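The structure appears below as structure tokens.
The values are calculated or read from the model by the stated rules, or taken from the named source; none is laboratory data. What you see is a predicted model, and the numbers here were worked out from it, not measured in a lab. Quick reminder, even Gly has a Cβ in these numbers, built from the backbone with ideal geometry, and neighbours come from all protein chains shown.
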Amino acid sequence: MTLTRRTLCQAAVAAAAAALTGCGAQLYRGPDRDITIAGGLRGGFYLEVAQLLAHEVNAAEPGLHCTAVSTNGSKDNLEQIESGEAEIAVCQSDVALAAVTGTDPYRDVQSVAGIGRMYEDYLQLVVRADSGIESITDLAGARVSLGAKGSGTAMTGERLMAAATVAVRERNDTLEVAVDKVAAGEVEALLWSGGVPTPPIAELHREVGIRLLPLAKALPALRNTYDGAYQSVTIPATGYGHSGVDTIGVANLLVCGRSLPTDIAAAITAVVVGQAGRLVPPQAVGTQFLDRRALINLLGVPMHPGAVSAYRQLHG
């Protein structure tokens, strides 16, 4: 086997990660501490990631007792961080950026810090396959579920419709309710920001057939207003049989409060780095990868000092 520079670098990163999180390498040595990880809606990617992370932290750090909880999504998660109800959260990067800069929908700067960049969310604008709706502009005046109140999807959905200059009759439903409403014809479309495939949407496709609307045309206007928050992505081949649909991606981050003790943040960061392969929900295997090298790219969200310390130990 020929050892290229890239292969050697990847091996070095893997070896450092193993050393950082290896047997007996607990970083947290303080008193026992309960940690709540705010995830997301049931049936969605965020809650599964939070549950997997809680399991891995509990296994690696005997002094930390993590519990993942269901929430309405990213905005709700940051409210729980701010109130002290949760210590860690999964959050869309556009919501986190708005929070740390005090921009709409936030009036003040929030005390949020980043631990790592996790995965890419795909914006999925879903209609019934038999609806005749082919583009986002066809939704003008239609009933559209833009996500649950308190979710990142709802915030992103409002931005998306404004960028596309499409006025819809907005509904705010949980994913499960929105799926039922699309199936029953009570709304014409639903928007979801998450992994592909998302099980409730996959089930909707099996039951009635769905179409994913392309969203790439709205991306330039979104970028002009919210620089750096959104990327061009393509729905992967496993996306409900609709591969090749051009849509918009928004990274999700693992975040915490700035007041979280440094040793706790460092310990959790080490688990994320060392157990990256174990933090992919089964539904997303093959479409989502937690890239250790991308973890530090927080897209403008300040990194927690504990995470900085852990990454320095990893990278030297």
Q) When the range 140-158 is examined, which residues are found to be surrounded by fewer than 21 Cβ atoms within 10 Å (Cβ to Cβ) and at pLDDT 95 or above? A) A140, G141, A142, R143, E158
Q: Please tell me if S111 is under 22 Å from the mean Cα position of the chain (by Cα) and more than 24 Å from P282 (Cα to Cα).
A: yes
Q: Considering each residue of the range 194-217, count those that are in a helix (DSSP H, G or I) and either over 19 Å from T153 (Cα atoms) or of a type outside the set (V, I, T) (or both), and give that number.
A: 11
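Residues checked against (1) assigned to a loop (DSSP other than H, G, I, E, B); (2) among the aliphatic types (A, V, I, L, M); (3) outside the structural domain of R128 (by TED's automatic domain parsing):
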| position | (1), (2), (3) |
| --- | --- |
| G147 | yes, no, no |
| G150 | yes, no, no |
| G157 | no, no, no |
| M161 | no, yes, no |
| E170 | no, no, no |
| D173 | yes, no, no |
| V182 | no, yes, no |
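If we only count helices (runs of 4 or more DSSP H) wholly inside the range 4-86, which ones have 1 or more residues that are among the aliphatic types (A, V, I, L, M), over 15 Å from the mean Cα position of the chain (by Cα) and at pLDDT below 95? Explain how you work it out, then say what you get.
Details: elements: 5-21, 45-60, 74-83.
It comes to 5-21.
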**Q.** Failed item in (1) under 20 Å from the mean Cα position of the chain (by Cα); (2) assigned by TED's automatic domain parsing to the domain that holds Y311; (3) not hydroxyl-bearing (S, T, Y), with G239 passing the rest
**A.** (2)
Q: Could you tell me which residue of the range 130-145 is farthest from the chain's Cα centre (by Cα), considering only residues that are β-branched (V, I, T) and in a helix (DSSP H, G or I)?
A: T137
